[in-house]
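The structure under discussion appears below in the form of structure tokens.
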Amino acid sequence: MKKKFSTILAVLLIAMLAISPVYAGGVSGKIGLGSITFTGYAYGFSRDAVTISLYATGIPDVTCRNASGKVVPGQNPVPVTGDTSANVAPSFDENGKFAVTLEAEPVALSAVEMGCPSNRWDATIDFVYWNYVKITVTENATGNVLWEKDSSCTTTRNPDTITCPAFNK
């Protein structure tokens, strides 16, 4: 009986070792301000190169200045986007993670789109109330999306904070 139990135990142990575990990949970290940033880690992806992308939308706080120096706030500016990506050949730590840092500036719009009286005015984005963020990991070799997460966000000013529940846990 003891020999039979040992044999069964050995077979189960070999089977467990032969089956490679499947790890779900992911990204964890914090969304931050400056422009729009993500700082954190990616884990569970193959050692092949991947592209990690950050996309965000928000409402800008705009200052308009004309040639004679008159300054007025932008009125009803259209939403802006921020978009960036990094091509990463992962350098893993001992836990299978690699660092990720992304920063996207808001895409430039015309002065009229940013709420100035005409395109002869200079428009400056002073702050963006970011309201949506999405991070995507794409495998470079195949173009397959390996991981993606998005979140609505709340941004405040004075103090400048951003909270995106899917990322700021």
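Of note:
- Structural descriptor for region 77-169: relative contact order 18 percent, calculated from alpha carbon pairs under 8 angstrom and at least 6 residues apart.
- Of the listed residues GLU113, GLU105, the order by accessible area with a 1.4 Å probe, largest first, is GLU105, GLU113.
- Distant alpha-carbon pairs in region 44-114 (separation over 14 angstrom), percent: 68 percent
- Close amide H pairs (under 5 Å, H built 1.01 Å from N) link CYS116 with GLN75, residues at least 5 positions away or on another chain.
- Here the Karplus curve 6.51 cos²θ - 1.76 cosθ + 1.60, taken at θ = phi - 60°, turns the phi angles of region 147-162 into couplings of 7, 7, 8, 10, 7, 6, 9, 10, 10, 10, 10, 6, x, 6, 9, 9 Hz, with x standing for Gly and Pro.
- Solvent-accessible surface ranking, highest first, for SER35, SER68 at 1.4 angstrom: SER68, SER35
- Amide H contacts of ASP61 (H built 1.01 Å from N, under 5 Å, at least 5 apart or other chain): ASP126, PHE127, VAL128, TYR129
- Relative compactness, region 34-73, computed as alpha-carbon Rg over 2.2 N^0.38 Å: 2.17
- Here the accessible area of region 23-169 is 48 percent carbon and sulfur, with a 1.4 angstrom probe and all protein chains present.
- In Å, descending, principal axis extents of the Cα set of region 34-169: 59, 31, 20
- Cα-based radius of gyration of region 106-164 once divided by 2.2 N^0.38 Å, which approximates compact folds: 1.62
- Residues whose amide H lies under 5 Å from that of PHE167, counting only those 5 or more places away or on a different chain, are absent; hydrogens are built 1.01 Å from N in the peptide plane.
The values are calculated or read from the model by the stated rules, or taken from the named source; none is laboratory data. All of these numbers come straight from a predicted model, not from anything done at the bench. Ligands, DNA and RNA are excluded from the accessible area calculation, which covers all protein heavy atoms including side chains. Shrake-Rupley method; radii C 1.70, N 1.55, O 1.52, S 1.80 Å.
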